[in-house]
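The values are calculated or read from the model by the stated rules, or taken from the named source; none is laboratory data. This one's a predicted model, so the numbers in the text were calculated from it and none came from an experiment. Don't worry about glycine lacking a Cβ; one is built from the backbone with ideal geometry, like all the others, and counts go over all protein chains shown. These accessible areas exclude ligands, DNA and RNA; they are computed on the full protein's heavy atoms, side chains included. Shrake-Rupley method; radii C 1.70, N 1.55, O 1.52, S 1.80 Å.
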Amino acid sequence: MTENTYYKPRLVIGNQEISLGMSGSINFPGSNQANSLKCTITDPEFQNSRLFNKEVKFYLNYGSDDGVPLFRGFIKSVSPQDTSTSINAIDGRTFVNSQSSKMVELTDDENYDGYTLAAFLYDYITDNINTNKTYIGLNMLKDTNPSVSLSETRVTPTPIYSVVTKKLKEAIDTSDVENPLTYFIDMIDDGNSSNITFVKEKLLTDSPSLSLSFSHGIKSYKYNRRAPANFAVGGGASFTYGNSPQGSIGLPIKGKFKDKNEARQEIIKQVLLQYRETDEIDLQCTRGHYIALGSIVEVVLDKEDIGGNHRVTSKSIKFSSGGVNLSLKLNKKPLLLSEYI
Amino acid sequence: MSEVIKVYSTKDYALDNGTTGRIDPNEAISGHEGIISNSEGATLPYYIYNKYYYRIEANEPVSEFHIDWDEGEDNSPEKANIEIIKLDTPSFSTVTEHIFTEHKHFFPLIRVKSMDGFLSKWYTNDSSLNEYKALETELTAGQNEFSIVSEEEQSDLINSFLPSNLPPIGVLKADKKRIYNGIDNDAILSTYAYPLLYAYSTSTASTKPNVVFTIQDDDIKTRAAGKTGGGAIKKHTLAGTRIWNASSAWVSDDQTGDTCLSAVPTGNYRTIPPPEEWRLTVFEEIETDGGAASPANVYWHDGSGTGTGTDRYIDWFYNGSTDKYGNSKLRMFFCASGGSKSLGEKLPDANDGPSGYSTCQIQPSLSGGGEIQSDSILNDILVFFIAEHDAPNMEIPLTIQGGSITEDGDDHYMDIVHDAFGCTDTWAIGAGLQQTVSSNPMFTFTIQNDGCPILTQTEFAKKLLRVELSNAKNLADTDRVYIKVFDAATNLESYAATTDNTLAVLSNGNPIVDLSNESIVYLDGTESRTRASNRDISLYNFDDDKLYKVGAVQAADTDSVSDLISGTFSSTGSKELSYSFGNIGDTLDSDSRFYSTYRLPRLQVKDDFTSYVINEDSTYDTLTYSAIEHFAPSTYTAAGVYMPSNLESRGLLMYSNHNTVNTANWHDVSTRNLNDTQEIMGSASTGAEGTYVLNDSSNLTDHPKSHLLMVQTDKFDRVYFRMNNNNAAGGAMPDVAITAYYANGTTWFPLEIIDETQGLKTSGSIKFTTPHDWHKGNYTHIDDGSDWLGPVPAEDSGVDVSNLWTVANFPDGGYGLLISFTVKSTGTNHRNLKCMNVWPYNNPHSQLIEIMDSHHVSLNSIAIAQSISFGRNSKVISIEDKFGKSDVRKIGATGGTITFGGIDLGETDDHRKTMVGYQKNATPLFLDVSHKSGEITRFFGIVTQLSEDHPTGLMYPKWAVTMQISHILELSSTGAINSDKISIGGALVDDGKYLL
């Protein structure tokens, strides 16, 4: 490749760099789902290599060399063909998030009472996953605030990731009632391993990590706009927000509440969460390949009313010898507080 | 009774209930004992995200232990983080494990369930810092029958926990990783007092274009008023004749000088005044004095040296400077009696005067009648100064050209003239003149000419927003105009030099440079993370890799896990950067374009930890800055900084250069690597080889003579080389062959590498795939250690590797990488090479940014024999009604292509081959197309397709290209630029500008 080649992807499987032609996609689906890489290597003989569970590092090298891989995972399936070999790799969460992964059973005798979510992950992964090699890095693990306790949590044999994601819904920073912030799980590479961590959503008023416009990065866009719920009922209480200019849209609230007042407080939060992000935006971009989920993106579209700051909720990148296509989804995940209770 | 809760490092130790493996409580906070924390002398670290084992004891067999770890939102039953340990059989004790994830002071509450099923109270520490009001209102002294909480008040049997913080992690993201060179306003250093811009070029064009600057200026008045807001945005035009070519020295003075006419903003100059001159006048009364022993109005030094009584003297103030004795004042005494105190013997004596004064003594000359004449006193003073001002003992910080004594009627005076240009800020005289007893001044001292240049100041440059050539055809297509900056200083006396920092580069192939998006990288550090969930990132520090710190880029910090980046930490988590090439240090390729170079911005962050409480042992809880790369072998160890051993990092950077092959001359350059004024490899200047020269060889295939050894405790697979070469742009560079080896436990094993430094011509990286058998060891694991069989020995002269890459410095070993260089120079151009630092960058806090030359190569000399074809298109939407009428709305402009071709004549100037080269390398190009009106459209772009047609019948082959257009410029027939950069499909009206 010449010096001016803009994008020079590298795929490293184990300690071997794959210099053959390749194409594929990387998906960062968000919503606590594992990131994945699908790659087709134009060499059928590649199937003869030992591939299963091998570590895969993918460097996009878009513009310049990456210091850390854009994706690090482990090969979980191989599809040989007559002209090529396809692999599917999933990030380190593959070891904790499926029925075939290690599972945990929490009983009155064996449990993690007194552990927070991060402490639980740290302890379990250290003792059960990273026994001979670091599959899931823990160097960037940061707990939620407020912390979520596993006390009195009892489950039948379940992937620990399911336990964590379910409990994670309890972690909501409501220090600003009108801007409740939730947590999600992400993987961040430090050059040596991909580290699991909890990430709190950023405020939309935070400085954007990326500014996109038609002159700077946006190829095309589309969006869905939904009318948010403006009243809710549940727990013996109800709440109506504003004068309902978009029509009356209701939201049922379920849960156990100490009294009507507590129910009403939760109802208010849920309705305000509905108003937080009403536009779900799909962007095709030429910039932002390295942006992390949860980051704030400023969309500058003067003549459209989706301009402003939005959160990145998922990202996918397709690569081939023909180039790179980046798709960002902003605010795609309408947040319902009921999911977190 | 022993403590209710104890902390151990392992479960076995906890079950043993001994002192081994136990973390003892201490008084980390004054007045609060029973705190489990890191402390002086403790061998076991106590940190968050580390698992410890807690032994809890009861005073009778119990069936359950309950512990609220104080990690919940509060201690209420709904929100507390309570662990319930149910025992199969009642026991006095239990052991449980726990990991803290917050950085705060935890006060656990403990209760038990008796064998009969009764729950005890919650027991907790009685520290005043302990708060559990969500569980129960704070207790008063003594037990309360109805309370469910009991504070242990006697012996701190229930310890509290204060785990130390772990450092945050810097995560740096960039919105793009390849940018064009643009405007580097950081070149206007913050230390500059009066920065002015100028254009520099070695072009030999007979007519040079004007250079139009758009700058935000600033002025002295604003600064003097204590404001730093800067001035207005204005356009300044520099005549083409004022583009400096360094053929003559820069002239700072007068309205015709370079500073006035060639520097922007223009109009700043100084006028050279006559030399500074002072006049010392003595009054007539002295002249009429009757004799040396008792002149009427002069009272002589009485010899007491006390400075009292009838002492008479003049005090001379050297303002701002000191003499040989370190004094800033000179007291000149007058002595009437001759002989014993002659002038020559009485030079300034620090012992004679009051504090802060040097002294001297003058014995006035007497007339033939024994009378003192006023002009004779003056003459004596003058003679004294001229003779003694630079005498070894005196060294008065004033150079005196000379003077004269004048007797003009009643006026008798001496003029003292400074013999250098400029005002003597170093010598002010007169404040100490004493009075005669009659209260009339014996002397007056007046300034005749202060010698200060007369300054005419308009504005100085604060920020360059845009710069452009007025004409895109005057220069040769390979010429460059460098926009540079120098500090004229507040007195406008400083000069421009070709080594000044460069802000931007102009050429016909890039005649407009502005702060456009494609030349700016937006760095974002807000994805950085703390480890403790109750901490946030509070401060950021970006190292922009511009070598403008003129000193340390990072320095050791014995309270952190690594060095600290120099400069100020800021609460702003993002930064915009742009870079420029310069006329020194960057290298041109065969197309007269600069080779792409690289920069490695890095980030360090600090969390908001100060001191959680009044922690007297805070030195054991100091990890508040994120880690960065370093090459210190023994600074950042658990023993040295007090941190968990898994955070230890060690490194070593050594360089060997010996003019004899297979011979070592090792230097430890670990410290030099931290300073952006000290090279670690290469020559400091072209004038001499220097200590760290990359040695020259006769052939590029010769055995390498220069070697760089890197050792790190973690694996790495890419190393960034920050070059700051000494060559002038266009100057020849040496050829460099680079090879690499890794330590596999027995020898230096060859390593396949990718070199992006163009053989050290540019900054860039050397990459490799991490070897599967890379051995983590020390120097003895290369052959037999003392006798390396690799390309260089471990020891010969200089600092031996065997003294540094040792077990002592690397107890767990290190990953060694050896990079060797063979340099083949022409003449002495190997001295052009200079490497300032190297860094591994496989980490999340660095981003490698490529900087591409925005200069486009001219195609105007290519013989074109086919039609030049292009189209101009708009983006429109057409809204058609049911009657077929349309509302056509333009929503934008489209780019496009231009096609043309030529004949393959295969002559000396093989244009087909040239075009193929451009296509292969994606070289940015421009082509002028003249219209019938004489106006010119200049197309900028890249050849994306080239086809060749080889017809039969011995006809000449043809070639044709498709060039994708990036933008165009519209020029007049003479080359004057009439448009901004616009797309081929038309201009945008809402494109942002700083000055409309």
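Shielding of peptide A:305-314 by partners, expressed as the average count of other chain Cβ atoms within 10 Å per residue Cβ, is 0. Put a plus charge on the Cβ of each Lys and Arg, a minus charge on the Cβ of each Asp and Glu, and nothing anywhere else: the dipole of the range A:137-240 about its Cα centre is then about 500 debye. Listed by chain and number, the lysines placed with their C-alpha closer than 22 angstrom to that of B:Lys113 are B:Lys6, B:Lys79, B:Lys86, B:Lys121; residues fewer than eight positions away on the same chain are left out.
Helix A:260-276 and the long axis of chain A differ in direction by around 40°, with both axes built from C-alpha atoms. For the range A:227-276, averaging the sequence separation of C-alpha pairs within contact (under 8 Å, six or more residues apart) and dividing by the residue count gives a relative contact order of 46 percent. With contacts taken as Cα pairs under 8 Å and at least 6 residues apart, the range A:95-200 reaches a relative contact order of 33 percent.
Report note on the peptides B:496-508, A:253-265, B:28-40: ranked by the mean count of other C-beta atoms within 10 Å, highest first, their order is B:496-508, B:28-40, A:253-265. Build a GNM of chain A with springs between Cα atoms under 10 Å apart, and of A:Ser36, A:Ser25, A:Ser64 the one that fluctuates most is A:Ser64. Each 20 Å bin, from zero up to the one with the longest distance, holds this percent of the alpha carbon pairs of the protein assembly as shown: 8, 28, 31, 21, 10, 2, 0.
Note on B:Ser867/B:Ser947: beta-carbon distance plugged into 1/(1 + (r/R0)^6) with R0 of 22 Å gives a FRET efficiency of 0.90. Rounded to whole numbers, the Karplus 3J(HN,Hα) couplings from phi for the range B:93-108 are 8, 8, 10, 9, 10, 7, 10, 8, 10, 10, 9, 7, 9, 9, 10, x Hz, using 6.51 cos²θ - 1.76 cosθ + 1.60 with θ = phi - 60°, and x at Gly and Pro. Scalar couplings 3J(HN,Hα) for the range B:711-719, obtained by applying the Karplus form with A = 6.51, B = -1.76, C = 1.60 to θ = phi - 60°, are 10, 9, 7, 10, 5, 9, 9, 7, 10 Hz; x denotes Gly and Pro. Spatially, the range A:151-175 and the range A:198-238 are offset by 25 Å when compared through their Cα centroids. Placing unit charges on each Cβ (+1 for Lys and Arg, -1 for Asp and Glu) gives the protein assembly as shown a dipole about its Cα centre, and among A:Asn88, B:Ser76, B:Tyr994 the Cα reaching farthest toward its positive end belongs to A:Asn88. In chain A, helical runs assigned H by DSSP with n ≥ 4 each contribute -39500 (n - 2.57); averaged across all residues and rounded to the nearest 500, the mean residue ellipticity at 222 nm is -3000 deg cm²/dmol.
Checking every one of the trypsin sites (Lys or Arg not before Pro) in the range A:6-77 against DSSP loop status and a limit of 11 other Cβ atoms within 10 Å picks out A:Arg50. Each of the peptides B:58-64, A:144-150, B:527-533, B:731-737 was scored by the mean count of other Cβ atoms within 10 Å over its residues; in descending order, highest first, they stand as B:527-533, A:144-150, B:731-737, B:58-64.
Which of the listed residues, B:Thr635, A:Ser238, B:Leu623, is farthest toward the dipole's positive end in the protein assembly as shown, when Lys, Arg count +1 and Asp, Glu count -1 at the beta-carbon? It is A:Ser238.
In the protein assembly as shown, if the dipole is taken from +1 on Lys/Arg beta carbons and -1 on Asp/Glu beta carbons about the Cα centre, which of B:Ile110, B:Pro209, B:Ile565 is farthest to the positive end? My answer, from the dipole projection, is B:Pro209. Counting only other chain Cβ atoms within 10 Å of each residue's Cβ, the peptide A:112-124 averages 6. For the protein assembly as shown, the Cβ-based charge dipole about the Cα centre amounts to some 6680 debye (Lys, Arg positive; Asp, Glu negative; other atoms uncharged). Just the number, please: Stokes-Einstein D of the range A:1-143 in µm²/s, Kirkwood Rh from C-alpha pairs, 20 °C, 1.002 mPa s. Rounded to a whole number, D works out at 126 µm²/s. Quick check on my link table: of A:Lys202/B:Lys484; A:Lys200/B:Lys104; A:Lys38/A:Lys200, which ones sit more than 30 Å apart, alpha carbon to alpha carbon? With Cα atoms farther than 30 Å apart: A:Lys202/B:Lys484. Residues whose amide H lies under 5 Å from that of B:Ser358, counting only those 5 or more places away or on a different chain, are B:Lys329, B:Leu330, B:Arg331; hydrogens are built 1.01 Å from N in the peptide plane.
With θ taken as phi - 60° and the Karplus curve 6.51 cos²θ - 1.76 cosθ + 1.60 applied, the whole-hertz 3J(HN,Hα) list for the range B:925-936 is 10, 9, 9, 8, 10, 8, 9, 4, 6, x, 5, 10 Hz, x standing for glycine and proline.
Considering only A:Thr153, A:Thr131, A:Thr94, the Gaussian network model of chain A with Cα springs below 10 Å gives its largest mean-square fluctuation to A:Thr131.
For the range B:510-524, heavy-atom accessible area (probe 1.4 Å) falls by no less than 30 Å² from the chain alone to the full protein assembly at B:Asn517, B:Tyr522, B:Asp524.
Annotation: extensible slack from A:Lys102 through A:Lys256 equals 52.2 nm (criterion: 0.36 nm per residue apart, minus Cα-Cα distance). In a simple Cβ point-charge model (Lys, Arg +1; Asp, Glu -1; nothing else charged), chain A has a dipole of about 740 debye relative to its Cα centre. Across peptide A:99-111, the mean count of Cβ atoms from other chains lying within 10 Å of each residue's own Cβ comes to 1.
For the peptides B:763-771, B:795-803, A:279-287, the ranking by packing is B:763-771, A:279-287, B:795-803, with the highest mean count of neighbouring Cβ atoms within 10 Å listed first.
Only Cα pairs under 8 Å and 6+ residues apart enter the sum, and on that basis the relative contact order of the range A:77-154 stands at 33 percent.
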